[in-house]
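> Following this message is one structure expressed as structure tokens.
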Amino acid sequence: MNMNTTNEHEYDRDAVAQVDKVIEKAWAEIERVAADERYKDAHKAEQIRAVAARAIAEAEIVARQEIAELESRAADLAQRARRTVSPPPEMAPVIGVMIEYVRARARGNSMEKVGAVSALWRGALESRDVPMLRALEAIGPAYLRGEQLADLLAQTEQVIAPPEVLKARRQLLIDENTRKRINGALEGARQRLLAARVDNGKVRTLPRLSL
């Protein structure tokens, strides 16, 4: 499995390449037909349509197989990606103390409370203080809202969630991106193949889609 390494855009290049291989082979054949001086353009056009139809059918089969493989593990990955919300029993008393500490620090007007809780949360993330992060995860939504809260909760997940959970979540994201890439590659190839025509021994078609 060869991964593109751009975080939320990560995908399995090998899976997408299976569709690309079919299309590249078809384009090579189409270019040979277009350059063959023994035939007139009308005959070449007929041959190109036949090559395109075969390639599209083969690429659709390959795409279905690759997507079926992704879907076959989706349920298991989704189950493994769920983190248990409840902390270990031995951590509960510490979390309770931390919650009271947060409440004590969150004094003043609403802006001062937001500032205090945000500072505590950023400090806990930096020090990877799991009990404090558990406390802030529980009580933080009472003080923070919107993107700020969502971002802090997401960062907290990265610290609190077990490695196997994070691994499963990452694989789910990769698989979803891969599925989109496969479908995009197939649709783009279909449009370009169906639009292929001969012009003075050269193949003309639509520009390649940017995925």
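> Would you say GLN47 is modelled with pLDDT of 95 or more and farther than 30 Å from PRO131 by Cα?
Criteria not met by GLN47.
> Sticking with this one: For segment 107-130, check the following and say yes or no: at least one residue is closer than 30 Å to LYS25 by Cβ and either touching a strand residue (DSSP E or B) at 6+ places or on another chain (Cβ under 8 Å) or of a type in the set (A, V, I, L, M) (or both).
No, that holds for no residue.
> On to the next question. Determine the pairs where a residue that is touching a residue at least 24 places away in the same chain (Cβ under 8 Å), located within segment 88-114, has a partner that is hydroxyl-bearing (Ser, Thr, Tyr) and not in a helix (DSSP H, G or I) with Cβ atoms under 8 Å apart, the partner being 6 or more residues away or on another chain.
ALA106/TYR143; LYS113/TYR143; VAL114/TYR143
> Among the listed residues ALA68, ALA78, which satisfies the condition of being farther than 28 Å from VAL203 by Cβ, open to solvent by less than 80 Å² (accessible area, probe 1.4 Å), out of contact with any helix residue (DSSP H, G or I) (no Cβ under 8 Å at 6 or more places or on another chain) and of a type outside the set (D, E, K, R)?
ALA68
> Kindly provide the set of residues from segment 88-107 that are aliphatic (A, V, I, L, M) and either more than 14 Å from ALA119 (Cα to Cα) or open to solvent by 50 Å² or more (accessible area, probe 1.4 Å) (or both), ordered by number.
Across segment 88-107, the qualifying residues are MET91, ALA92, VAL94, ILE95, VAL97, MET98, ILE99, ALA104.
> When segment 156-187 is examined, which residues are found to be surrounded by 15 or more Cβ atoms within 10 Å (Cβ to Cβ), without any contact (Cβ under 8 Å) to a residue 40 or more places away in the chain and either under 16 Å from GLU66 (Cβ atoms) or aromatic (Phe, Trp, Tyr) (or both)?
GLY184, the sole residue that qualifies.
The values are calculated or read from the model by the stated rules, or taken from the named source; none is laboratory data. None of these values were measured; they are calculated from a predicted model. Glycine also receives a Cβ, built like all others from the backbone with ideal geometry; neighbour counts cover every protein chain displayed. To get the accessible areas, we keep the full protein, side chains included, count just its heavy atoms, and leave off ligands, DNA and RNA. Shrake-Rupley method; radii C 1.70, N 1.55, O 1.52, S 1.80 Å.
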